[in-house]
Structures are given as C-alpha cells and as structure tokens.
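Accompanying notes for the structure given below.
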Amino acid sequence: MKIVGIGTRVLNFIVDTILIAIISMLCYHGWSLYVQFYGYPFFNYGWFFFGIIFIYYTFFEFIFNRTPGKWLSYSKVVNKQGMRPSFPQILLRSATRLVLIDMFFIPFLDKTLHDFFSNTEVVEA
C-alpha cells in the first residue's frame with residue numbers, strides 16, 4: 001500500500017474540480033430557468049458548487065472508492081487497514097472538504113484535513 005504524493009493529489013484535485021464546476025454550472029443555469037419562468041427562489045452559485053462537491057465526492061468515493069480524478073491517476077481511497085472505508089468515513093471526508101482551509105493543513109499534518117479526520121489514505125490502485 002503506497003500512499004500517493006502531493007503531485008498526484010493536485011492532479012486529482014484539478015480534474016475533479018473542473019468536473020464539479022461544469023456540473024454545478026449546468027445545475028445553476030438549469031435552476032435559473034425555473035427562477036425566471038416559474039418564480040422559484042434564487043440560489044447563489046456557491047450553493048450549487050458546494051452542494052455538488054459534497055454529493056460528487058460522497059457518491060464516487062462510496063460506490064467506487066475513487067473519483068474520476070483518481071481513476072486518471074490510478075489511485076483510490078482506503079482506510080488505515082487498506083480496506084474499503086465505511087460510509088460514515090466517506091461522509092466525514094466529504095463534509096470536511098467543504099472547509100476551505102482543508103489543503104493548508106498538509107505542511108502541519110503531512111496530509112489533508114479530510115484524510116486526517118476520516119482516518120483514510122489515498123493510495124496507488
């Protein structure tokens with residue numbers, strides 16, 4: 001079980017963030033049509049972006065143990081024993097990602113905040 005490096009994590013982050021931005025932009029514009037034509041309440045783009053982040057990571061990491069970015073870099077999420085993480089671990093990982101300072105903990109913890117709190121690792125597949 002070899003833990004992936006920072007470069008792989010950055011690649012995962014970039015690919016996943018681009019996909020999340022595209023999905024959330026489509027949802028935002030689709031919702032805006034309902035706002036314009038049917039009088040639905042307006043929601044800021046941030047609600048869509050952060051909501052999609054939570055759903056995206058929870059869905060992909062629970063079902064497949066990896067996101068599209070992790071598929072690209074041949075890596076996956078495991079718990080400390082090298083097994084599939086539990087659903088509460090995945091939920092905690094996804095919720096902690098919503099904290100904007102998540103990545104700034106790498107110099108202090110030698111891992112991201114979402115890995116630290118959920119007791120998970122990203123390893124080579």
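Structure above, values below:
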| quantity | calculated |
| --- | --- |
| Full-stretch length increase - F116, F42 - with 0.36 nm per residue and alpha-carbon distance subtracted | 23.1 nm |
| For the chain, with +1 on Lys and Arg beta carbons and -1 on Asp and Glu, the positive-most of L33, P85, F43 along the dipole | P85 |
| ³J(HN,Hα) computed for each position of the stretch 10-27 - Karplus, 6.51 cos²θ - 1.76 cosθ + 1.60, integer Hz, glycine/proline x | 5, 4, 4, 4, 5, 4, 5, 5, 4, 5, 5, 4, 5, 4, 5, 5, 5, 5 |
| For the stretch 6-124, the Rg and Dmax computed from alpha carbons only, in angstrom | 15.7, 52 |
| Built amide H within the under 5 Å cut-off of A125, gap 5+ | S75, K76 |
| In Hz, Karplus ³J(HN,Hα) per residue of the stretch 42-54 (6.51, -1.76, 1.60; θ = phi - 60°; x = Gly, Pro) | 7, 10, 5, 4, x, 4, 5, 4, 6, x, 5, 4, 4 |
| Loop trypsin sites (Lys or Arg not before Pro), the stretch 25-91, which have at most 16 other Cβ atoms in a 10 Å radius of their Cβ (DSSP) | K80 |
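Values quoted throughout were computed directly from the atomic coordinates according to the rules given, and no laboratory measurement underlies them. Since we're looking at a predicted model, the values are computed, not measured. Here the Cβ is made from the backbone with ideal geometry for all residues, glycine too, and neighbour counts use every protein chain on show.
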